[in-house]
Amino acid sequence: SQKADDFIQLKIGSQIRVFDLQQVMFFETAPTPHKLILHLVNSTLEFYGKINDTAELSPSLIKIHKSYVINFKNIQLIDKKKRVTMTNGEKCLLSIRLSKKLEATLKTK
């Protein structure tokens, strides 16, 4: 059974959309200023927002780079080249500064 914290809510335009966290891979900053891209298992969605705000949406979301906030429950692997591969095969950059925070977070889960 799913609990409220298995979902996140995002304001997209005039709508509040609800997403199942299991489907959420990561958020990244978009080429367009002030826009973000939400990466889901099989799709992406662009919307206006701030990357730092997305990390507040759920305890499962963690900032790993100035441009990336990931759902650590969907990490497949972390490689030494400072990249994180998600369970859907997409890759995110991992900053050296934030990699220690990620490792500490994973140890406590």
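Here, each number is a calculation from the coordinates, and none is a lab measurement. Since this is a predicted model, take the numbers as computed values, not measurements.
Compute a Gaussian network model of the chain, connecting alpha carbons closer than 10 Å, and tell me which residue from G89, G49, G13 fluctuates the most. With Cα springs under 10 Å in the chain, the top fluctuation among G89, G49, G13 is at G13. With 0.36 nm allotted per residue and the present C-alpha distance subtracted, the D79-S95 stretch has 4.6 nm of extension available.
Angle between the Cα long axis of helix 96-108 and the longest principal axis of the chain, 0 to 90 degrees, nearest 10? Compared with the principal axis, the helix lies near 90 degrees. The value given for the chain is a Kirkwood hydrodynamic radius of 14.1 Å, derived from the mean inverse Cα-Cα separation.
Pairs of lysines in the range 33-96 whose Cα atoms sit within less than 19 Å of one another amount to 19, provided the residues are eight or more positions apart or on different chains.
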